[in-house]
1. Give me a count of the residues in the range 47-66 that are of a type in the set (A, V, I, L, M), closer than 30 Å to E156 by Cα and in a strand (DSSP E or B).
2. Evaluate the range 98-118: report whether one residue or more is small (G, A, S), over 20 Å from D172 (Cβ atoms) and touching a residue at least 24 places away in the same chain (Cβ under 8 Å).
3. Please go through the range 67-95 and give me each residue that is of a type in the set (D, E, K, R) and either outside any strand (DSSP E or B) or within 19 Å of F234 (Cα to Cα) (or both), ordered by number.
4. Residue under question is K105, and the condition is that it be in a strand (DSSP E or B) and either at pLDDT 95 or above or closer than 23 Å to V228 by Cα (or both); does it hold?
5. How many residues, within the range 154-177, are closer than 21 Å to T104 by Cα and either in contact (Cβ under 8 Å) with a residue 40 or more places away in the chain or of a type in the set (S, T, Y) (or both)?
6. Out of all the residues in the range 39-51, is one or more on the phi > 0 side of the Ramachandran plot, at pLDDT below 95 and surrounded by 14 or more Cβ atoms within 10 Å (Cβ to Cβ)?
7. Can you tell me which residue is surrounded by the fewest Cβ atoms within 10 Å (Cβ to Cβ) among those in the range 97-127 that are more than 24 Å from the chain's Cα centre (by Cα) and under 22 Å from E141 (Cα atoms)?
8. Can you name the residue in the range 73-96 that is under 21 Å from the mean Cα position of the chain (by Cα) and among the acidic types (D, E) and, of all such residues, is farthest from E141 (Cα to Cα)?
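The values are calculated or read from the model by the stated rules, or taken from the named source; none is laboratory data. Note that this is a predicted model, so its numbers are computed, not measured. All Cβ positions, even for glycine, are placed from backbone atoms using ideal geometry, and neighbour counts span all protein chains on display.
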Amino acid sequence: MISRKLILAAAVAAASLSALPVHAEQGDWIFRAGAANVDPDTDSDEIDVAGLVTLDGVDVDDDTQLGLTVTYMLTDIFALELLAATPFEHDISVNGVGIEAGSTKHLPPTLTVLWYPFGAKDSKFQPYIGAGINYTYFWDEEVDSELEAALGVITEPVTGSTDPVPADLDLDDSWGFSARAGFDYWINDKWAVNAGVWWIDIDTEATIETELADVKFDVEIDPWVYMVGVAYKF
């Protein structure tokens, strides 16, 4: 016969297990915030200026801003995440000649389906991977005076002058694929430490507009985005 002590011990153990914190489950919302760095892996077409000379493309530097994500747990294993951020601003330079070409601001909202391979409920350490789609919106594009001065030198055979050539810059918005990985480490049933990374396919057509001609060239920005911060479940 099972003793009363054994029955009592089993009951206590069951109660203890049921009291373990549930870290994330179907229907939960998880808000993440932290420092997000966008580090472009730039590949650019060469740039033909007025049919006179070829520049060796452009490079786009990195920037760090406040990153924000909101995640909704569709099930205990799958979730839907939206990435947002404060606006990123990037300086653009001409490869090989040390000329500052300009700058742009952008926002990269990204919608991702996440998969928690070990489930998201019972373990403090919760890795996840995912894939999704990105839309990148560019605005406030500016041309640097160094590029305008260089355009004046380049077009001198046509204009007869080396005066700077006023120019405008336009970058087309982009749709592309994204991949995602990261983890939460839950401190308690509400708060976690978070780290993650995205790779985002961002391709744009750049246009340098002048009175002489418009110069178009393709730029693959394709950044890695790194974020470290905290998560809160509600």
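1. Number satisfying all stated conditions: 6.
2. No, every residue in the range 98-118 fails to be small (G, A, S), over 20 Å from D172 (Cβ atoms) and touching a residue at least 24 places away in the same chain (Cβ under 8 Å).
3. Those that are of a type in the set (D, E, K, R) and either outside any strand (DSSP E or B) or within 19 Å of F234 (Cα to Cα) (or both): D76, E81.
4. yes
5. Number of matching residues: 9.
6. Yes.
7. G98
8. Filtering first and then ranking leaves E81.
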